[in-house]
Amino acid sequence: MHKIENKNACIIGAGLVGSLWAVYLSKAGYKVSVFERRKDMRKQSISAGKSINLALSYRGWNALEKVGISAQIKEIAIPMYGRTMHHKDCTSTYQPYGNDNQAIYSVSRGELNAKLMDIAEENLQTNIYFEQECTKVDTVKGIAYFRNVQTGEETEFHSNLIFGADGAFSAARYSSMQKLDRFDFSQKYIADGYREILLPANEDGSPKLATETLHIWPRERFMLIALPNFDGSFTCTLFMPFENHTHCFSKLTSKEKVETFFKEVFPDFFEMMPHIAEAWEQHPLASLAIIRCFPWTHGKLALMGDAAHATVPFFGQGMNAGFEDCSTLWDLMQEPNGSIEEVFSKYQELRKPNTDAMQELSLQNYIVMRDKVADPNFLLLQRVERRINKLFPDKYFPLYSMVSFTNIPYHTALEKGNEQEQRVKEWIEKYRITQSHNDQEIDTILGSIEELNSL
């Protein structure tokens, strides 16, 4: 590991990535000081439906495992082995995510964040300071400046290293990096927003939906999703255009219109939650943006997580990519004799193309979730890809599996996944594979394809 005397580090932001990175740094012997603008969330009630539930997958688990805390996090995570599509005629179909019970895990953002802060503070060398707003960072001298949001008192903190993990609208990035010459920055909002809905459990505490699956109500241009919580409730999110569509948020201006919308478009959901109109305003309408920037590092400061690469949530990779920032940076810091400048340089060179690809994958998967999962041709494509993966488990991975169940670089997964999809479409057409074929028949056809056998 690189050598630093009197090792101390400043982390701006005590969110998911900042808290996990505090765990990493404390295990490396750093005295860690974390500064958070918000109040301590652990002293407030955490609602299951307060924010979009997260989907922990392989990259996130790998980062947690590297610091030995994956077992603690699994206690608050619910496995989802596939997606259940709810159609407008109230029928449903199920599609597994992979083979051999591969799963992604539903976890409450608030509960996960609180747990990571608790684990970080178990090390007496780690302190989290709340209600401290970052006002400026001197990246050369290693000084971060803060203002107490309650008292207005201003302080400065000197450290060897500073990490900006304070989210999409990062004050660390804005106050320092965005002032630099030739700093590239873009912020692009998509046309759709989201509103959350908490589907409560039945009166006896039992869930109204199956808990081992992610639920999707795909409606081509928009969709509703639901992820399970431990109390039997589901955190549901409606993603839909703000305006300029037959169905859009700007048209849902009264309780009567909300009720009519759900009755017509999501009839089975309305049956489970007939008082949806009463709960409609409980969570605000919010927007979704993709943020890109470069460089991520300057002097003693490095950006991590959403501060460097905020994305839309449609592949469930925002948090997983942020956690992978932690594990990647950690691996680089283990290399002997490397200066921190070299570590930071390698970190951004490795991560930037991958997080750009992750953002593209997120946008691409929105189309899959809201539209293609109800398309018989797409479902056949997915089925054939799973059979190929079953036959050639070490040589062929569908795109979803590459992203969610491996640490194959995102940019490789994007490029390879799109190429594979085109080839599989050609094989389906050439060999006349249909949904009427059983798995054994599909396997026999696939086994005769020379290109597959020579993988």
_Search result, residues across the stretch 124-162 that are in a loop (DSSP other than H, G, I, E, B), hydroxyl-bearing (Ser, Thr, Tyr) and in contact with a strand residue (DSSP E or B) (Cβ under 8 Å, 6 or more places away or on another chain)_ = 139, 159
*Residues within the stretch 258-280 that are under 29 Å from the mean Cα position of the chain (by Cα) and more than 17 Å from residue 91 (Cβ to Cβ), tallied*: 8
*Any idea which residue in the stretch 7-30 is farthest from the chain's Cα centre (by Cα), counting only those that are in a loop (DSSP other than H, G, I, E, B) and more than 12 Å from residue 164 (Cα to Cα)?*
7
*Picking from 359, 382, which residue would you name as being in contact (Cβ under 8 Å) with a residue 60 or more places away in the chain, touching a Ser or Thr at 6+ places or on another chain (Cβ under 9 Å) and among the polar types (S, T, N, Q)?*
359
*State all residues of the stretch 323-342 that are modelled with pLDDT of 95 or more and either surrounded by 22 or more Cβ atoms within 10 Å (Cβ to Cβ) or not in a helix (DSSP H, G or I) (or both); if no residue qualifies, say none.*
323, 324, 325, 326, 329
*asked:* Just checking, does the stretch 429-442 include any residue being at pLDDT 90 or above, over 24 Å from residue 102 (Cα atoms), among the aliphatic types (A, V, I, L, M) and buried (at least 18 other Cβ atoms within 10 Å of the Cβ)?
replied: yes
*Checking residue 174 against (1) outside any loop (DSSP other than H, G, I, E, B); (2) touching a strand residue (DSSP E or B) at 6+ places or on another chain (Cβ under 8 Å), which test does it fail?*
(2)
*Within the stretch 31-60, tally of residues that are at pLDDT 95 or above, in contact with a strand residue (DSSP E or B) (Cβ under 9 Å, 6 or more places away or on another chain) and in a loop (DSSP other than H, G, I, E, B)*: 4
*asked:* I need every pair where a residue in the stretch 279-290 that is surrounded by 16 or more Cβ atoms within 10 Å (Cβ to Cβ) has its Cβ under 8 Å from the Cβ of a residue that is among the basic types (Lys, Arg), sequence separation at least 6 or different chains.
replied: 280/195; 280/255; 283/50; 283/195; 285/195; 290/188
*Consider residue 315 carefully, then state whether it is at pLDDT below 95 and in the same structural domain as residue 341 (by TED's automatic domain parsing).*
yes
*Under the condition of being touching a residue at least 24 places away in the same chain (Cβ under 8 Å) and of a type outside the set (A, V, I, L, M), which residue from the stretch 148-162 is surrounded by the fewest Cβ atoms within 10 Å (Cβ to Cβ)?*
160
_Every pair of residues 6+ apart whose Cβ atoms lie under 8 Å, when the first sits in the stretch 238-249 and is touching a residue at least 60 places away in the same chain (Cβ under 8 Å) and under 21 Å from residue 227 (Cβ atoms) while the second is basic (Lys, Arg) and surrounded by 17 or more Cβ atoms within 10 Å (Cβ to Cβ)_ = 239/370
*Residues of the stretch 92-109 classified as surrounded by 20 or more Cβ atoms within 10 Å (Cβ to Cβ) and more than 13 Å from residue 57 (Cβ to Cβ), total*: 1
*With the checklist (1) buried (at least 20 other Cβ atoms within 10 Å of the Cβ); (2) under 24 Å from residue 83 (Cα atoms); (3) of a type outside the set (Ser, Thr, Tyr) in hand, flag the one item residue 351 doesn't pass.*
(2)
*For residue 288, which of the numbered conditions (1) in a strand (DSSP E or B); (2) over 24 Å from residue 225 (Cα atoms) fails to hold?*
(2)
*asked:* The conditions are (1) assigned to a helix (DSSP H, G or I); (2) in contact with a His (Cβ under 9 Å, 6 or more places away or on another chain), and residue 117 fails exactly one of them. Which is it?
replied: (2)
*When the residues of the stretch 215-239 are filtered to those that are assigned to a loop (DSSP other than H, G, I, E, B) and among the hydrophobic types (A, V, I, L, M, F, W, C), which remaining residue is surrounded by the fewest Cβ atoms within 10 Å (Cβ to Cβ)?*
230
*Got a sec? Which of 242, 249 is surrounded by fewer than 16 Cβ atoms within 10 Å (Cβ to Cβ) and among the aromatic types (Phe, Trp, Tyr)?*
242
*Can you name the residue in the stretch 61-91 that is assigned to a loop (DSSP other than H, G, I, E, B) and in contact with a Leu (Cβ under 7 Å, 6 or more places away or on another chain) and, of all such residues, is surrounded by the most Cβ atoms within 10 Å (Cβ to Cβ)?*
77
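The values are calculated or read from the model by the stated rules, or taken from the named source; none is laboratory data. Only a predicted model underlies this, so the values are computations on that prediction, with no experimental measurement involved. Here the Cβ is made from the backbone with ideal geometry for all residues, glycine too, and neighbour counts use every protein chain on show.
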